[in-house]
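Remarks on the structure that follows.
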Amino acid sequence: MPSSREQSLTRRRYGERAVLGIGLYLLLALAPLILMLLAPLPPGRSFLRELSVALGFAGASVLGLQLAISARLRRLKAPYGIDAVYHFHRRISYLALALVLAHPTLLFIESPATLALLNVVTAPWRARLAVGSVLLLLALIGSSLRRKRIGLSYEAWRGLHDLLAVAVLVLAVGHMEGIGHYINAPWKRVLWIAYPVMWLGFLGYVRLAKPVLKLRRPYRITQVRREAPRVWTLGFHPEGHPGIKFLPGQFAWVTLRRSPFSFEEHPFSFSSSAEAGDGGFEMTVKELGDFTSTIGTVKPGETAYLDGPYGAFTTDRYPAGGYVFIAGGIGITPIMSLIRTAADRKDDSRMRLLYAASTVENLVFSDEIDTLTGGLSLRVTYILERPPEGWKGERGFMTRELLERNVEEMHDADFFICGPPPMMTAVEKALSELRVRPDRIHYERFDLV
């Protein structure tokens, strides 16, 4: 077990990287606004009009950085976890929309005559480009919010999302070029051309460079093993390269039966130990969606491509006095990687596992977990929603009372939670009521869109 000093230094290192990343984001978001408002400025303009322009520049800058946020840059995302970054990506899009809408709204308030610019038949091209950019932005956000309701597949949504994002930015830059007041100096024009090029460069990296890299590093499926009803474990082995080094609890995006240039890829957690020395690994998947419903038909010998590893759901970055793992259903997958890795490392940390499932048959890995307790300081509690007759374990759902009686002595532990969203919400609320510090609660969520 790491000393208190080692634990503190590790957390501090990740904290410093997180602060640095936030500072870099703010700098990139505000730099165009600050530089555009430097002299030379057009004379005789009111404060309200200048504020409108400032908000417009800020909105365009934030929108452009959305491409960087979604680019899966591992070093930049490591301090936060990719699920937290994507959550921020969704939330900050609302701010960008508000800034963009505030730009014309203030202009209309300052000069009602400018409402005529909304008439795309008679308005100049610079105004038409602005109206088109805003409408496409609304379509982009609306299609993301209602993707499942309108029956848009993830793959179709990704293609549409990219197309709309590029169109929004191109029209916005065209609008600013058409206005010209704030990019009238050559150095300003160079800057505002460089920014969109950088934004589109991130998109090119994701859609072109990354697939080429994946194509050069294929994996072969070595086994397909049934673990439980509708649950399968796939074994992977690198072909012609050493493979990837992952931390226990992390995940990767997997492309199967498709080209790496395809939009179809799926996030799966590693379920094997991170200490395997041959570059091979396992992932465990439950049949849930359109793609995973066919996971059991995958055959040994098929080719797969990976993008990863990603995720901050790992004990390696949160050294603590003990660990409490709370799993629901297939949420046991990343936690199994944590437990297997601890066994291989002969980790003597105090650990507790609370594992909830609907029936005994759905307790994936339960036999192996029971075996691993012999070599670890691990205590296991199973919770069944529909227990069989004679069941002596916990029954029902993950409640505050259940948590309290099973983890009361783990006051210095970190909590790792993975499972269905309702369970995770209930556990989060219960831990808050039990006064567990938020920085000691870690989640793994895969509803990234």
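The values are calculated or read from the model by the stated rules, or taken from the named source; none is laboratory data. Not measured: the values here are computed from a predicted model. Please note: Cβ atoms are built from the backbone with ideal geometry, for glycine as well, and neighbour counts cover all protein chains shown.
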- Heads up, the strands (runs of 3 or more DSSP E) in the range 226-336 (entirely inside) with at least 1 residues that are closer than 30 Å to G15 by Cβ are 251-256, 266-269, 281-286, 303-310, 322-328
- Go through (1) surrounded by 15 or more Cβ atoms within 10 Å (Cβ to Cβ); (2) farther than 24 Å from S366 by Cα one by one and return the number of the condition F236 breaks. (2)
- Output the number of the condition that M198 fails; it satisfies all remaining conditions of (1) surrounded by 15 or more Cβ atoms within 10 Å (Cβ to Cβ); (2) under 27 Å from W253 (Cα atoms); (3) touching a helix residue (DSSP H, G or I) at 6+ places or on another chain (Cβ under 9 Å). (1)
- Message: Between A127, A123, which is outside the structural domain of T255 (by TED's automatic domain parsing), crowded, with 17+ Cβ neighbours inside 10 Å and either over 26 Å from W199 (Cα atoms) or not aromatic (F, W, Y) (or both)?
- Response: A127
- Item | Residue match in the range 272-279 (condition: within 23 Å of M336 (Cα to Cα), in contact with a helix residue (DSSP H, G or I) (Cβ under 7 Å, 6 or more places away or on another chain), modelled with pLDDT of 90 or more and not hydroxyl-bearing (S, T, Y)) | yes
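Could you name every one of the strands (runs of 3 or more DSSP E) located completely within the range 365-449 that has at least 2 residues being without any contact (Cβ under 8 Å) to a residue 60 or more places away in the chain, surrounded by fewer than 19 Cβ atoms within 10 Å (Cβ to Cβ) and in the same structural domain as Y355 (by TED's automatic domain parsing)?
Values: elements: 378-384, 414-418, 441-443.
So the answer is 378-384.
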- Item | Contacts under 7 angstrom Cβ, first residue in the range 46-75 being farther than 21 Å from R91 by Cβ, partner not in a helix (DSSP H, G or I), 6 or more apart | A54/L37; R74/Y310
- If we scan the range 130-146, do we find a residue that is in a loop (DSSP other than H, G, I, E, B) and among the hydroxyl-bearing types (S, T, Y)? no
- Being crowded, with 23+ Cβ neighbours inside 10 Å and in contact with a Gly (Cβ under 6 Å, 6 or more places away or on another chain) narrows L338, L353 down to just L338
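Could you say whether any residue in the range 73-81 is aromatic (F, W, Y), closer than 30 Å to A156 by Cβ, modelled with pLDDT under 90 and assigned by TED's automatic domain parsing to the domain that holds A18? Spell out the reasoning first.
Going residue by residue through the range 73-81, those that are aromatic (F, W, Y) are 80.
Still in the running and closer than 30 Å to A156 by Cβ: 80.
From the residues that got through so far, the ones that are modelled with pLDDT under 90 too are 80.
Narrowing further to those that are assigned by TED's automatic domain parsing to the domain that holds A18: 80.
Yes, some residue in the range 73-81 is aromatic (F, W, Y), closer than 30 Å to A156 by Cβ, modelled with pLDDT under 90 and assigned by TED's automatic domain parsing to the domain that holds A18.
Quick one: would you say V324 is closer than 30 Å to V407 by Cβ, assigned by TED's automatic domain parsing to the domain that holds C418 and β-branched (V, I, T)?
Details: closer than 30 Å to V407 by Cβ: yes; assigned by TED's automatic domain parsing to the domain that holds C418: yes; β-branched (V, I, T): yes.
Spelling it out, V324 is indeed closer than 30 Å to V407 by Cβ, assigned by TED's automatic domain parsing to the domain that holds C418 and β-branched (V, I, T).
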- Message: I'm trying to understand the selection: among the residues of the range 68-85, which are among the charged types (D, E, K, R), closer than 22 Å to R440 by Cα and in contact with a helix residue (DSSP H, G or I) (Cβ under 8 Å, 6 or more places away or on another chain)?
- Response: K77
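Given the options P260, P248, P267, P238, name the one that is under 23 Å from K77 (Cβ atoms) and free of Cβ contacts under 8 Å to residues at least 60 places away in the same chain. Even if it seems obvious, please write down each step before you answer.
Working: P248 fails: free of Cβ contacts under 8 Å to residues at least 60 places away in the same chain; P267 fails: free of Cβ contacts under 8 Å to residues at least 60 places away in the same chain; P238 fails: under 23 Å from K77 (Cβ atoms).
Checking each option against the conditions leaves just P260.
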- Residue check, P186 against (1) of a type outside the set (F, W, Y); (2) surrounded by 16 or more Cβ atoms within 10 Å (Cβ to Cβ); (3) at negative phi, all met but one. Which one? (2)
- Message: Based on this model, can you work out whether S52 counts as at pLDDT 80 or above, surrounded by 12 or more Cβ atoms within 10 Å (Cβ to Cβ) and over 30 Å from R158 (Cβ atoms)?
- Response: yes
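Among the candidates A276, A312, A304, which residue alone is free of Cβ contacts under 8 Å to residues at least 24 places away in the same chain and surrounded by 15 or more Cβ atoms within 10 Å (Cβ to Cβ)?
Numbers: A312 fails: free of Cβ contacts under 8 Å to residues at least 24 places away in the same chain; A304 fails: free of Cβ contacts under 8 Å to residues at least 24 places away in the same chain.
The unique qualifying residue is A276.
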